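Read-outs: derived from the displayed coordinates by stated rules, not from any lab. Quantities reported herein were computed from a predicted structural model and do not represent experimental measurements. Quick reminder, even Gly has a Cβ in these numbers, built from the backbone with ideal geometry, and neighbours come from all protein chains shown.
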């Protein structure tokens, strides 16, 4: 299964920045573009079914269906210092919203390492991979016609 | 008496307030060190003059599961411009979880001129204090460190097994769901890096964050902490205690509390923790 085109583009852009400090700055800039899930989609307290497992930054994932059946992804990150989670949310939102569901479902969790590099703590890796895994799981469920996100 | 001194800690001098740090930003005998879980935080802005010591890049052996050795520690200290006389002040995200981890690793090399900024990064931020992106540069030093001493504050698996057989106290500082092993059985939940869930038999459950005031991230008072560990873990100063979590990071926070704030004189952090114990063949596990 091919990766969603926008995700491939994003990863290639990041990998063209081999300098760690420059890449970090790029990710910080991405985190600055984070927009919380709009109130028309979800309001606090967010349902536990939307909580990303293992994410200590308390990330939540929400979806909105497009007319063509693909999904827009929205996020909330409750930890005000969860800057990596916010950067990951922006990447996933921009790269996977509107992408074919079978492609989103096939995104591997270790894409996190292509974004952040290998120098992540175990907890941070698991939390970020949990975000990817939850998005993929939702897409897989929808692609299978199982309904709710 | 300062507010921190009034809290009844055994060693109040190991904690400093955000006010204290703000008034020592230009003090050449002080090196402020940020240690975070999130690798983007320090570069996004930090206390003026603060350097970063990163757990994964700076404090771990890149190949085997262990901490850096003497030469590596010397290189870190030389890079941040610290001498034997420099007082290092750690702060960081997640209620100083990673700051206390770095503090603990520094103690393996005997750098005891070390403090924690109470409340950590979030308190500094909430108080509207300045954060800058400029990465400071300090003149390299000729820091000489002793060999790492793992005997006093670090425990290994065989010692944990002996501790367990001797029925000495242990504190599991993970979340209740990790302690009971429930988390490993949640559908599609990452497996926490361990094949088995549960806890080391006999270990009491006292999640690390219970030592923190949730509103501002500061440490609870001495009386509150004494009561917490006496009631929930049935331990007291003078006991021989081992603490553990998943990889030894959260338990370094509890190690800091027991050792410095409550004056326990024999507390060891089992950094192999659940990622080792939960994968070991044949060791006892309790749920």
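Here are the numbers for the structure shown:
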| read-out | value |
| --- | --- |
| Protection proxy ranking of B:40-52, B:138-150, B:256-268 - average other beta-carbon atoms within 10 Å, highest first | B:256-268, B:40-52, B:138-150 |
| Rg ratio (alpha-carbon, reference 2.2 N^0.38 Å) - region B:42-162 | 1.13 |
| Largest-first principal axis extents of the Cα set of region B:51-113 (Å) | 29, 28, 18 |
| Helix-only [θ]222 nm of chain B, DSSP H runs n ≥ 4, -39500 (n - 2.57) each, per residue, nearest 500 | -7500 deg cm²/dmol |
| Between helix A:20-32 and chain A: long-axis angle, C-alpha atoms, 0 to 90°, nearest 10 | 30 |
| Number of partner chain Cβ atoms within 10 Å, mean per residue of A:19-28 | 2 |
| Gain on full stretching of the segment that runs from residue B:285 to residue B:64 - 0.36 nm per residue minus C-alpha separation | 77.0 nm |
| Region B:37-62-region B:95-163 distance, computed between alpha-carbon centres (Å) | 11 |
| Extent along principal axes [Cα atoms of chain A; Å; largest to smallest] | 42, 35, 25 |
| Residue exposure sequence - B:86, B:151 - by fewest surrounding Cβ within 10 Å | B:151, B:86 |
| Kirkwood-based shape ratio for the protein assembly as shown, expressed as Rg/Rh from alpha carbons | 0.97 |
| Descending semi-axes in whole angstrom, ellipsoid equivalent of region B:100-244, from the Cα gyration tensor | 31, 23, 19 |
| Chain B - convex hull of alpha carbons, volume per residue in Å³ | 136 |
| Region B:241-285 and region A:7-71: distance between their alpha carbon centers, rounded to Å | 34 |
| In degrees, nearest ten, helix B:93-108 long axis to first principal axis of chain B (Cα) | 90 |
| Other protein chain Cβ atoms within 10 Å, averaged over every residue that makes up A:49-56 | 2 |
| Whole-number percent relative contact order across region A:33-94, with pairs defined as alpha carbons under 8 Å at least 6 apart | 33 |
| Within chain A, percent of DSSP bridges classed antiparallel, to nearest 5 | 90 |
| Label zone at residue B:57, where the point sits 7 Å out along the Cα-to-Cβ direction: region A:92-117 residues whose backbone N lies under 19 Å | A:112-117 |
| Computed Kirkwood radius, in angstrom, where 1/r is averaged over Cα pairs of region A:1-51 | 13.8 |
| Antiparallel %, DSSP beta bridges [both residues in chain B], to 5 | 15 |
| Relative contact order computed over region B:1-146 (Cα-Cα under 8 Å; 6+ residues apart), in percent | 32 |
| Chain B, relative contact order in percent, only Cα pairs under 8 angstrom and at least six apart counted | 21 |
| Nearest-ten-degree value, helix A:122-143 long axis tilted from longest Cα axis of chain A | 30 |
| Region B:1-143: antiparallel DSSP beta bridges as a percent of all, rounded to 5 | 15 |
| For region B:1-41: span of alpha carbons on each principal axis (Å, largest first) | 36, 25, 15 |
